[in-house]
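> Sharing a structure below in structure tokens format, with a few things to ask.
Read-outs: derived from the displayed coordinates by stated rules, not from any lab. What you are looking at is a predicted structure, and each value in this text was computed from that prediction instead of being measured. Reconstructed Cβ throughout: ideal geometry from the backbone, glycine too, with neighbour counts over all protein chains shown.
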Amino acid sequence: MSLDKRKVKILKAIISSYIDNAEAVGSRTISKKYELGVSPATIRNEMSDLEEMGFLVQPHASAGRIPTDKAYRYYVDDLWKKVHDPSNTNLDQLRNIIEDKSNELDSVFKNSVRILSQFTKYTSFIVAPQLKQSVIKRIQLVPITDTKLLLLIILQSNIVKQVTFRMSSPIPFDQMDKISAALSEKLYGYKLEDVDSIKDSLIEQLYHVREHSNDSLMELLPYLMDQISKLEEINVYSDGITNILDLPEYNDVVKAREFISFVEDKSSIAKLLQFVGENDLAITIGHENQYEALRDCSLITATYKFNGKLIGKIGVIGPTRMDYSKVISTVKSMSEAMNEIINQNFDDENKE
């Protein structure tokens, strides 16, 4: 049995209807909603054939049909030419929104993941670059209260990481600048992956910075070195995690809880986006996903690059009945916007 033009039209109509309404689709609905030029009886026969071919399933004896993962895969593959269309009407709009108040790379990621979630209405993620290869430019300690400090670590490409912590005793303000300057001088040009191996000798070198009457630096320096070396870990930005609760597929509390538990685990998301490979655009549907919690979901991911080198990924997770055309276009536009912003605004070599 072949998938002829009429079957394709009916299959696409069923998918479109199910994407819109999340309700099993009957032949009369298709006949009324779409001008296919055939009777409901003919549509019903074609639907039976499509079910036999594995493109549709009938959840209940008296209900209509719903698309299978196989149907969505056919539908998505048919969209592929549109996906690679170079024209992108959303690109300028996205770029302008992302760049607003984004003078740091962290802000670019936070804005991008928020916008991606707002545009698609689904859960969105961005895996930031692994920082272990990043070079340290400057260290700055900022007092918040007498005993509470903010540690700013400025890396290459204007990536700024920050950590707040409390000391058991205060450090005089005039020592803050001395410590910051000494740390910056000693750590400038080192990669984060190198900090762990040099931190002990560095602590010994920096003890001369403390005032004779104050040993707070004895407590501070080991903690600072540990915080800096921990920045090698992958960072994941996410938004719209609870958007899934608005979808009828997740009315089941247990099912919704399993999904939220999975997507809140940053290591799981990092592994998930790593698993889908390094293609500029990738789509996994339903049971193509390796994790049980995502078997009713589709994942659309794209890469973003710095100086032509892949440094991270963005992704959207939604139900298998997601609006693929819209989400693919949005993810692709977001990827291109991030590429332009990162390469234009965070390339130190072009600035110097």
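> Past 18 Å, Cα to Cα: identify those pairs from K70/K255; K7/K70; K9/K121, in the order given.
K70/K255; K9/K121, as the Cα separations exceed 18 Å there.
> Related question: Under a plain spin-label model, where a point goes 7 Å from the Cα along Cα-to-Cβ, how far apart in nm are F165 and E264?
Going by the 7 Å Cα→Cβ label model, 2.6 nm.
> If you don't mind, there's one more thing I want to ask. Rank by packing, highest mean first: peptides 160-169, 255-264, with packing defined as the count of other Cβ atoms within 10 Å averaged across residues.
Ranked by mean Cβ neighbours within 10 Å, highest first: 255-264, 160-169.
> Distance in nm between label sites at Y223 and D146, each 7 Å beyond Cα in the beta-carbon direction?
A separation of 1.6 nm, rounded to one decimal place.
> Given the peptides 16-28, 114-126, arrange them by the average over their residues of other C-beta atoms within 10 Å, most packed first.
Most protected by this proxy first, the peptides run 114-126, 16-28.
> Here is a further query. Between A41 and D77, what is the FRET efficiency for a Förster distance of 41 Å, r being their Cβ-Cβ separation, to the nearest 0.05? Can you show the working numbers first?
Values: r = 30 Å, r/R0 = 0.73.
About 0.85, to the nearest 0.05.
> R0 = 45 Å: FRET efficiency of A256 with R6, Cβ-based, nearest 0.05?
0.70
> So, one more: Which of rounded, prolate or oblate describes region 1-44 when judged by the alpha-carbon gyration tensor and an a/c cut-off of 1.5? Let's see the in-between values first.
Working: a/c = 1.91, a/b = 1.31, b/c = 1.45.
Oblate shape, in that a/c is at least 1.5 and b/c is the bigger or equal ratio.
> Could you give the size of the charge dipole of region 1-53 about its Cα centre, using +1 on the Cβ of each K and R and -1 on the Cβ of each D and E, expressed in debye and rounded to the nearest 20?
Charge dipole, region 1-53, about its Cα centre: 220 debye, nearest 20.
> Could I ask something else about it? Go through 43-51, 7-15 and give me the packing order, highest mean Cβ count within 10 Å leading.
Ranking, from highest mean packing down: 7-15, 43-51.
> Now for a separate question. Working out 0.36 nm times the residue gap between K309 and T242, then minus their Cα-Cα distance, what length gain in nm do you get to one decimal?
20.9 nm
> Sort region 270-329 into rounded, prolate or oblate with this rule: let a ≥ b ≥ c be the square roots of the eigenvalues of the Cα gyration tensor; rounded if a/c is under 1.5, and if a/c is not under 1.5, prolate when a/b is larger than b/c, oblate otherwise.
Note, shape of region 270-329 comes out oblate.
> What is the gain in length, in nm to one decimal, between E23 and E288 on full extension, counting 0.36 nm per residue of separation less the C-alpha to C-alpha distance?
93.1 nm
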